[in-house]
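Below is one structure; the comments refer to it alone.
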Amino acid sequence: MFDYITTLYQKKPKKQDIIRENIEEQKYIFLERTEKLQNSFYEAFFEHSIENAVADAYEIFLETKTEYNYFEQRLKELDKEKGRRFLKLVAMYHSIRLSRIKRRKLRWREMKQNLYFVFQLNDTEKKLADALYSCAKSGESCFSDLFAKTTARYIFGSHSLSPFSLAFIENFCYNSFNSFMSSFTKYLSVNVRLKKVTN
């Protein structure tokens, strides 16, 4: 009986292992591609985005204990493909938001080409990134709503969300970007990073 219980326990993956195997270990595919970028701004930007997304994953799937945590409720559904999609969508969000904030200095066309390369976006994902960017140009609230719905549908196949889950995902994306920007600009501002590339 003891052996049976031990075997069952060993087969049940720990929650941290689910994140490590399906999100953290997926990051190396993309980090290797950032090293091939010719532009040091985009190399640093996407490295930061990837590492930030992994930290976000541990926090949002495991540590944030609230009744409407959409991600925690779906932890058991997470696999490698969903983990890669999570990293891609976080990078899309960071890319779109920064491109809009710094639109006089950062061109979306250049940003998206680097995004496509690092994350090996397929045709559907490229269209998705462009549609989300077009929505962001229309307004922040429209973009936040659409991005939250896209995240739920593209990662976990959710076709409908409760208002609470929708608000939770919107809040996660907003906080993820703020955390990313705080880290990315801690020692060098975006303007200084961009200036260093042009000099």
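The values are calculated or read from the model by the stated rules, or taken from the named source; none is laboratory data. This one's a predicted model, so the numbers in the text were calculated from it and none came from an experiment. Cβ coordinates were reconstructed from backbone atoms using ideal geometry, including for glycine residues, and neighbour counts include every protein chain displayed. Surface areas here come from the heavy atoms of the whole protein model, side chains and all, with no ligands, DNA or RNA. Shrake-Rupley method; radii C 1.70, N 1.55, O 1.52, S 1.80 Å.
Points worth noting:
- For the range 159-182, the count of residues that are of a type in the set (D, E, K, R), without any contact (Cβ under 8 Å) to a residue 60 or more places away in the chain, surrounded by fewer than 17 Cβ atoms within 10 Å (Cβ to Cβ) and closer than 19 Å to R85 by Cα is zero.
- Matching residues, the range 74-107, being within 19 Å of F184 (Cα to Cα) and among the aromatic types (F, W, Y): Y93
- Looking at K137, K127, just one residue is open to solvent by 100 Å² or more (accessible area, probe 1.4 Å) and either touching a residue at least 40 places away in the same chain (Cβ under 8 Å) or under 18 Å from C173 (Cα atoms) (or both), and that residue is K137.
- Matching helices (runs of 4 or more DSSP H) fully within the range 84-160 where at least 1 residues are closer than 19 Å to V54 by Cα and modelled with pLDDT of 95 or more: 108-119, 140-156
- Restricting the range 68-96 to residues that are open to solvent by 60 Å² or more (accessible area, probe 1.4 Å) and touching a residue at least 60 places away in the same chain (Cβ under 8 Å), the residue that is nearest to N114 (Cα to Cα): R85
- Scanning the range 53-81 for residues that are of a type in the set (S, T, Y), part of a helix (DSSP H, G or I) and in contact with a Phe, Trp or Tyr (Cβ under 7 Å, 6 or more places away or on another chain) gives a single hit, Y70.
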